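The values are calculated or read from the model by the stated rules, or taken from the named source; none is laboratory data. Please read these numbers as outputs of a predicted model, since none were measured by experiment. When we count neighbours, we look across all protein chains shown, and the Cβ atoms used for this are built from the backbone with ideal geometry, even at glycine.
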Amino acid sequence: MDEEFKSLGRKVKESNKLEEMKVVDAKAQVKGVKASKNEAFKRLETTQKEIGDIKTATKEALRKAEMLEAA
């Protein structure tokens, strides 16, 4: 009976260690996903700014072309 109790105790400890390792792994994965998400948002913001700059430049070019045609 005593040996069975010790065996069960070891199994509990092993299970707890395995659980802790899985939690650490899951936290690392979440951290990686968050980093990827943040990087994607930064790229999106940069792209949106570039699109805005292109639209502004296009409007300015059209305005200048219209002024030249009118002259």
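Points worth noting:
- Only one of 69, 60, 50 that is surrounded by fewer than 10 Cβ atoms within 10 Å (Cβ to Cβ) and either not aliphatic (A, V, I, L, M) or not in a helix (DSSP H, G or I) (or both): 69
- Condition met for residue 4 (on the phi < 0 side of the Ramachandran plot, modelled with pLDDT under 95 and not aliphatic (A, V, I, L, M)): yes
- Inter-residue pairs, beta-carbon under 9 Å, first free of Cβ contacts under 8 Å to residues at least 60 places away in the same chain and surrounded by 10 or more Cβ atoms within 10 Å (Cβ to Cβ) and in the stretch 1-16, second among the aliphatic types (A, V, I, L, M) and in a helix (DSSP H, G or I), 6+ apart: none
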